[in-house]
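The values are calculated or read from the model by the stated rules, or taken from the named source; none is laboratory data. Remember, it's a predicted structure, so these values are computed and weren't measured experimentally. With ideal geometry, Cβ positions are generated from the backbone for all residues, glycine too; neighbour counts draw on all protein chains shown. Accessible surface is based on the protein model in full, side chains and every heavy atom, while ligands, DNA and RNA are left aside. Shrake-Rupley method; radii C 1.70, N 1.55, O 1.52, S 1.80 Å.
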Amino acid sequence: TACLSPIGEELLQTGLQERVSADYFAAVTRPPAVYRGNPFQIEVGLAYGGKLPADELAKVMRFANRVPLLYQASACAVHKAVLTSAWRNYGVQQSKGALPSAPMVILVHMASVWVPFTSESKEAVAHYPEIIKEMKLALQEAGRRLGKHVKRQAREKDALKKQSYIQKYIPHIGDALQEILALDDPAREELVVILTDTLERSRKF
């Protein structure tokens, strides 16, 4: 397996950052594996969010020994691996039998001494079970990292929503308590500060 030449996680991520306007990037390099006695290695890069279109299918970029594969995408093992991965487990929408629908770019690279192309035109990787398995494992690892990012985004969005509710209604509560308890303006302001602080601390827990 020392004869393989993977791109590497750092370069994969750097390359995506230079080419794709996204706000989250991840890269995974699998350990070397073997199909029919031929060593190979699978790498996956992900870019998510940012200026990528949210209402379109994810873009899949296929590479074999650092060379892009531009045609016959649906006949490629990369397409099948992406298609059959459970992206909904990672907070990404996916219709049955379709690519995930998200602001996302998926890059899959296969490094091997003998890439099993489907034809002499070298446009698609053959559907060997060992190869598809390694691709799916790499996609799953990248998906788990993406899922953490998506969940963190959802938590932050929810926190901002709750904070806006606090900022909107606390002053009205302060006015009502001022009237009920006959408080002067300084006491009312102090009460609003206390209520805001209490609700902020309870929200964090």
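Could you check, for region 36-52, whether at least one of its residues is assigned to a loop (DSSP other than H, G, I, E, B) and under 16 Å from Ala142 (Cβ atoms)? The answer is yes; a qualifying residue exists. None of Pro116, Pro103 is surrounded by 15 or more Cβ atoms within 10 Å (Cβ to Cβ), farther than 20 Å from Gln13 by Cα and touching a strand residue (DSSP E or B) at 6+ places or on another chain (Cβ under 7 Å) except Pro116.
Restricting attention to region 27-42 and to residues that are within 12 Å of Val108 (Cα to Cα) and in contact with a helix residue (DSSP H, G or I) (Cβ under 6 Å, 6 or more places away or on another chain), the residue that is most open to solvent (accessible area, probe 1.4 Å) turns out to be Arg30. Residues that are among the hydrophobic types (A, V, I, L, M, F, W, C), over 22 Å from Gln153 (Cβ atoms) and open to solvent by less than 80 Å² (accessible area, probe 1.4 Å) within region 43-68 comprise Val60, Met61, Phe63, Ala64, listed in sequence order.
The single residue among Tyr90, Tyr71 that is hydroxyl-bearing (Ser, Thr, Tyr), surrounded by 17 or more Cβ atoms within 10 Å (Cβ to Cβ) and over 27 Å from Ala2 (Cα atoms) turns out to be Tyr90.
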